[in-house]
Amino acid sequence: MSAVEFILAGMLAAATPFLLAALGELVVERAGVLNLGVEGLMALGAVVAFVIVYHGGGHVLGFVAAGVSSALLALVFAFITLGFRANQVATGLAIGILGQGLAALFGKSYESLTIKGIGKIAIPGLADLPVIGGLFVQDIVVWLSLLATLAVWATFAFTRTGLVIRAVGENPKAAHAVGYPVIAVRVAAVAFGGMMAGFAGAYAASVYTPMWADGMIAGRGWIAIALVVFGTWLTGRVFLGACLFGAVSLMSLAAQAAGLNLPSQLLSSLPYLVTILVLGIISADRRLLKLNGVASLGEPFER
Amino acid sequence: MSPRFLPTLVRRQRASLKATLLAPPLALAVAIALNLGLYMLMGRDPVAVVHAMLLEPFLSWSSFSEVLLKTGPLLLIAQGLAIGFRAKVFNIGAEGQFILGAIFASAIPIWFPQATGGWIWPSMLLLGALGGALWASITAFWRVRLNANEILVSLMLSLVAAQLLYYLLLGPWKDPAGFNFPQSVMFQYDAIVPTLFPGTRVNVSLLIALALSLAAWVFMQKSFMGYKLQVGGLAPRAAGYAGFSEGGAIWLSLLIGGFAAGLAGAAEVAGPLGQLQRSISTGYGYAAIIVAYLGGLHPIGIIVSSLVMAAIYIGGDNAMVSANLPIAAVRVFQGSLLLAYLVAVAFVRYRLEWPHAAARSTP
């Protein structure tokens with residue numbers, strides 16, 4: 001298998017944790033809230049899913065429980081930032097630290113254990129194509145994530161719900177004046193973002209690398225937040241960004257397989273370095289950020 | 001619209017001084033209560049945990065001296081960060097700046113292991129501080145010139161810094177006689193900061209941290225430049241009209257933060273550790289963010305909050321040994337402490353207004 005085939009086949013699975021978390025954060029930010037706790041929300045989801053699958057509860061229950069527990073932790077964030085109008089940056093950092101701490105605490109006795117992942121589903125015909133065939137052999141969660149991407153895109157493009165979320169993020173005072181429940185919409189968005197981060201963690205620890213280790217999220221929650229900026233708050237671009245990071249994280253494996261003599265630490269840093277680089281390139285275009293950015297992002301709403 | 005039985009937040013006429021002073025101790029009490037509940041759910045004996053975590057650090061001079069030892073880096077980093085936070089520059093990459101400080105400082109004893117003289121440890125501290133500032137300057141450049149979000153860039157750079165440290169310790173800087181452990185050679189005598197009290201590990205860097213706290217107080221409360229920084233944070237538009245440069249404030253905030261964190265990193269390797277190791281930091285860079293907020297972003301408050309956070313570290317170590325509590329409990333405590341503080345501090349600017357009983361009883 002050539003390096004290109006290897007990356008094409010694995011890219012979507014590697015991208016899925018980024019994609020799920022970033023889709024959630026996209027909705028949160030569109031509603032005008034900045035939740036920086038994604039790393040901790042993912043870690044909590046990861047450990048919950050792992051523990052349930054390890055004890056024979058199955059992957060479906062694992063994902064549901066992960067989504068619910070991370071959504072609950074995200075609701076703590078909502079309670080403090082939306083209920084008490086606390087600084088969203090500081091609260092997000094605290095939720096991140098708390099989530100990672102809880103995950104390490106619950107996961108203590110499961111450290112470095114492994115479980116069985118899930119099987120892959122091939123799309124007949126397409127899967128047999130040369131070179132790109134691998135793209136069409138993926139597990140069910142990858143296929144569902146693609147559907148989720150479409151659903152988020154369609155929600156913002158065509159539905160009233162999408163319109164209300166955008167109105168609340170763009171101009172909460174005007175949204176309130178015409179009768180939209182600003183706080184309720186934001187709470188719901190934050191809970192959705194938490195659930196998606198929980199799914200992302202669950203995928204990371206029970207499907208992609210079916211094991212639990214403290215620190216295994218390894219910055220992926222932070223990269224997901226960066227992806228929302230890369231995608232300039234547009235679903236399609238967030239999806240492309242997630243694919244890019246899926247490919248980048250596989251590149252280190254491909255480089256090692258190809259016998260390239262690079263320090264492994266440099267390869268591990270690659271996703272972080274690419275994040276810094278792309279952030280610089282995208283953000284330098286101030287017009288682009290202004291055009292698609294969310295006007296009230298991070299600001300508390302006061303009537 | 002909102003349910004009738006819920007209280008609403010009403011903005012106070014003026015900020016409440018009482019709430020400002022009460023918020024940190026109240027948050028600490030709430031965090032302790034919540035975490036004790038968690039430990040009881042985990043089946044631990046709450047009396048043993050309270051004794052190990054909250055009392056033991058203060059019961060003997062030797063354990064209190066360890067608290068003072070941990071206070072040094074937390075105090076240094078938090079003072080630097082608080083200046084930036086007041087200017088609304090969110091440098092959350094102190095962990096990476098700390099690591100770079102440790103690496104830069106270690107270069108002297110690793111490259112000149114035979115060198116002797118009183119100049120060595122002061123040069124290490126200075127070089128470490130410059131290393132931290134250099135690492136932070138990448139974030140400043142990205143933010144000022146490229147408009148990139150400093151939260152994300154500084155955090156990514158921390159993850160890169162950790163990899164750089166592992167590379168050095170597994171490669172060029174590994175102790176050849178170290179049985180393949182990821183650590184450098186032990187530093188020579190002159191590369192170690194002198195201790196303050198005989199029989200303890202508390203060293204001169206604590207005095208430096210206190211002196212810099214005083215400097216931070218003078219800078220923020222008395223100097224024109226400190227005033228400009230705070231105006232930029234509180235009222236960016238007004239700062240713009242007054243001709244205060246936003247770029248300058250970002251550069252200054254990040255350089256100060258990086259300098260202080262780098263100094264702290266240097267003081268760790270040139271102090272209690274005596275070598276460059278993989279575990280030079282136990283999350284000081286992140287804990288210092290909590291210290292800065294808990295101290296109300298005020299130089300004097302931060303002296304108190306860094307002492308509290310240091311005691312939590314030592315207490316967590318104690319509880320791991322004597323009450324079989326996983327060390328991750330410290331992170332849970334830190335996170336819940338900041339959350340409790342952020343709720344408590346809301347009452348500085350707001351008060352709760354409960355709906356009248358009469359209004360509640362009407363259907």
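Observations on the model:
- The separation of the stretch B:285-322 from the stretch A:43-77, counted between C-alpha centres, amounts to 31 Å.
- Within 10 Å of each Cβ in A:103-110, the average number of Cβ atoms from other chains: 4
- Candidate lysines for bridging to B:LYS228, where Cα separation is under 19 Å - those fewer than 8 sequence places away on the same chain excluded: B:LYS88
- Bins of 5 Å, starting at 0 and running to the largest distance - Cα pair percent for the stretch B:70-295: 1, 8, 15, 19, 18, 15, 11, 7, 4, 2, 1, 0, 0
- The average projected area of the stretch A:155-209, computed from the convex hull of its Cα atoms over all directions, is 4.5 nm².
- Estimated Rh, the protein assembly as shown: Kirkwood, alpha-carbon pairs, angstrom: 26.0
- Counting only Cβ charges, +1 for Lys and Arg and -1 for Asp and Glu, the dipole size of the stretch B:70-295 around its Cα centre is about 480 debye.
- Of A:GLY236, A:VAL164, A:ILE80, farthest towards positive along the dipole that unit charges on Lys, Arg, Asp, Glu beta carbons give chain A: A:VAL164
- The orientation-averaged shadow of the Cα convex hull for the stretch A:1-106, equal to a quarter of the hull surface, comes to 8.4 nm².
- Residue mean of other protein chain beta carbons inside 10 Å, B:318-330: 2
- Note on the protein assembly as shown: dipole from Cβ charges, positive end direction compared against A:GLY193, A:ASN261, B:LEU157; the farthest Cα belongs to A:GLY193.
- Cα centroid separation, the stretch A:218-254 to the stretch A:148-165: 21 Å.
- The stretch B:48-182: proportion of alpha-carbon pairs further apart than 28 angstrom, %: 36
- 20 Å reach of a label modelled at B:ASP45, 7 Å along Cα-to-Cβ, counting backbone N of the stretch B:305-323: B:315-323
- Across the stretch A:49-117 the C-alpha pair distances fall into 10 Å bins from zero in the proportions 19, 41, 27, 13, 1 percent.
- Chain A: angle of helix A:3-30 to the longest principal axis, Cα-based, in degrees nearest 10: 10
- In this calculation the C-beta distance from B:ASN180 to A:LYS108 is compared with R0 = 22 Å, giving a FRET efficiency of 0.25.
- Helix B:150-170 and the long axis of chain B differ in direction by around 30°, with both axes built from C-alpha atoms.
- Residue (of B:GLY335, B:TYR293, B:PRO122) at the positive-pole extreme of the protein assembly as shown, dipole from beta-carbon charges: B:TYR293
- Counted over all Cα-Cα pairs of the stretch B:246-300, pairs farther apart than 19 Å make up 42 percent.
- Cα-based helix-to-principal-axis angle, A:59-78 vs chain A, degrees rounded to 10: 30
- The largest-to-smallest principal axis extents of the Cα set in the stretch A:161-303 are 62, 36, 22 Å.
- Gaussian network model of chain A, Cα within-10 Å springs - most flexible of A:ALA31, A:ALA202, A:ALA104: A:ALA104
- Site pair B:THR200 and B:ASN324 shows an inter-label distance of 3.3 nm when each label is modelled 7 Å from Cα along Cα→Cβ.
- Percent breakdown of C-alpha pair distances by 5 Å bin, ordered from the shortest bin, for the stretch A:3-292: 1, 6, 12, 16, 18, 18, 14, 9, 5, 2, 1, 0, 0
- Only Lys, Arg (+1) and Asp, Glu (-1) charged, at Cβ; the stretch A:3-292 dipole about Cα centre in debye: 760
- The stretch A:98-145: trypsin sites (Lys or Arg not before Pro) in DSSP loop, at most 16 other beta carbons within 10 Å: A:LYS116
- Point-charge dipole on Cβ atoms (K/R +1, D/E -1) for the protein assembly as shown, about Cα centre, debye to 20: 2060
- Residue range of chain A that is longest and free of GluC sites (Glu not before Pro) which are both DSSP loop and sparsely packed (at most 14 other C-beta within 10 Å): A:112-301
- Taken residue by residue and averaged, Cβ atoms of other chains lying within 10 Å of the Cβ of A:267-273 number 5.
- Total formal charge among the other residues, if their Cβ is under 15 angstrom from that of B:ALA249, Lys/Arg +1 and Asp/Glu -1: +4
Where a number appears in this text, it was derived from the coordinates with a stated rule and is not lab data. Every value quoted in this text rests on a predicted model; they were computed, and no experiment measured them. Glycine also receives a Cβ, built like all others from the backbone with ideal geometry; neighbour counts cover every protein chain displayed.
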